[in-house]
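To start, the structure itself, in structure tokens.
The values are calculated or read from the model by the stated rules, or taken from the named source; none is laboratory data. Quick caveat, the model's predicted, so the values are computed rather than measured. Don't worry about glycine lacking a Cβ; one is built from the backbone with ideal geometry, like all the others, and counts go over all protein chains shown. The protein model used for the area step is the full one, side chains on, heavy atoms only, and it has no ligands, DNA or RNA in it. Shrake-Rupley method; radii C 1.70, N 1.55, O 1.52, S 1.80 Å.
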Amino acid sequence: MGHGELVRVSTVDVVDDLLSIGPAVRAAITLGHTSIEVGAVTSSWAQYVTSIESVARCVVVRAELMDHVPTALKVRALRSAGARPVVVGNRPSPRHRARLLDVGAAAVLTRDHDLSDLLDCLDGSEPAVAAERAIRPLLSQVRLSDRQLQLACLFAGRGAPSAEWLARWLGLPVSSVRTHLQRARRALGAANREQLRARLIEEGWMDAP
């Protein structure tokens, strides 16, 4: 490297409630396995979006975060902000993995991948996931707005919350919640909560239990 030349170093933020990914990447940096720099490391999505001024070039998000924002919506938001989202999950279904890639995830890693696979993704090369991207299942082109997706996944998720409960939790008018749910059900061809859950799983917006 000549005098005055700069090496461009990628930065990565980590959103992980288990707080295991950030330390693993930092350990790899210490051992000289990567030139990536770790930025923000938070245990929740809410903490992340309220504590940072700008997103890193790449953001790692754990898929099983228990909060009010579906993983697909997190990926959408990060991609819109100019980041490369990398999702780390347990064993997401093929359809859920395909949907996350469809909405902008750079990679979806599972427990079958190791740290070297993650570092490859953070460096911009993704040999471990290229084949999966090529053979992912086809999904319909039904599109839900951010709010429709959020409310539909929450309504069809664990605990089976009512529209009134969701309105109080999210600080929205009950009428708005009901309208968004009605539009989501219509778009997905679902008549009730059970059908809505089945269609969200079929379309990859939610992971299969």
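If the condition is being assigned to a loop (DSSP other than H, G, I, E, B) and open to solvent by 50 Å² or more (accessible area, probe 1.4 Å), then region 20-42 contributes Ser20, Leu31, Gly32, His33, Ser35. Among residues of region 61-79 that are over 14 Å from Asp102 (Cβ atoms), those with a beta-carbon under 8 Å from a residue that is of a type in the set (Ser, Thr, Tyr) and outside any helix (DSSP H, G or I) at least six positions away or on a different chain give the pairs Leu65/Ser44; Asp67/Ser44.
Scanning region 181-192 for residues that are assigned to a helix (DSSP H, G or I) and either surrounded by 15 or more Cβ atoms within 10 Å (Cβ to Cβ) or at pLDDT below 95 (or both) turns up Leu181, Arg183, Ala184, Arg185, Ala187, Leu188. Among residues of region 60-71 being crowded, with 20+ Cβ neighbours inside 10 Å and in contact with a Gly (Cβ under 9 Å, 6 or more places away or on another chain), the one that is nearest to Gly157 (Cα to Cα) is Pro70.
Selection of region 150-164 for residues being open to solvent by 20 Å² or more (accessible area, probe 1.4 Å), under 20 Å from Trp45 (Cβ atoms) and hydrophobic (A, V, I, L, M, F, W, C) yields Leu154, Phe155. Taking residues in region 136-148 that are within 27 Å of Leu166 (Cα to Cα) and among the β-branched types (Val, Ile, Thr), and partners anywhere that are modelled with pLDDT of 80 or more and open to solvent by less than 40 Å² (accessible area, probe 1.4 Å), the pairs with Cβ atoms closer than 8 Å and at least 6 places apart or on different chains are Val142/Leu188; Val142/Glu203.
Checked against (1) free of Cβ contacts under 8 Å to residues at least 60 places away in the same chain; (2) open to solvent by 50 Å² or more (accessible area, probe 1.4 Å); (3) part of a helix (DSSP H, G or I); (4) not basic (Lys, Arg), Pro209 passes all but condition (3).
For region 112-180, the helices (runs of 4 or more DSSP H) that sit wholly inside it and include 2 or more residues that are modelled with pLDDT under 90 are 115-123, 127-134. I'd like to check something: does region 98-110 contain any residue that is at pLDDT below 90, in a strand (DSSP E or B) and either within 30 Å of Gln141 (Cβ to Cβ) or open to solvent by 50 Å² or more (accessible area, probe 1.4 Å) (or both)? Scanning region 98-110 turns up no residue that is at pLDDT below 90, in a strand (DSSP E or B) and either within 30 Å of Gln141 (Cβ to Cβ) or open to solvent by 50 Å² or more (accessible area, probe 1.4 Å) (or both).
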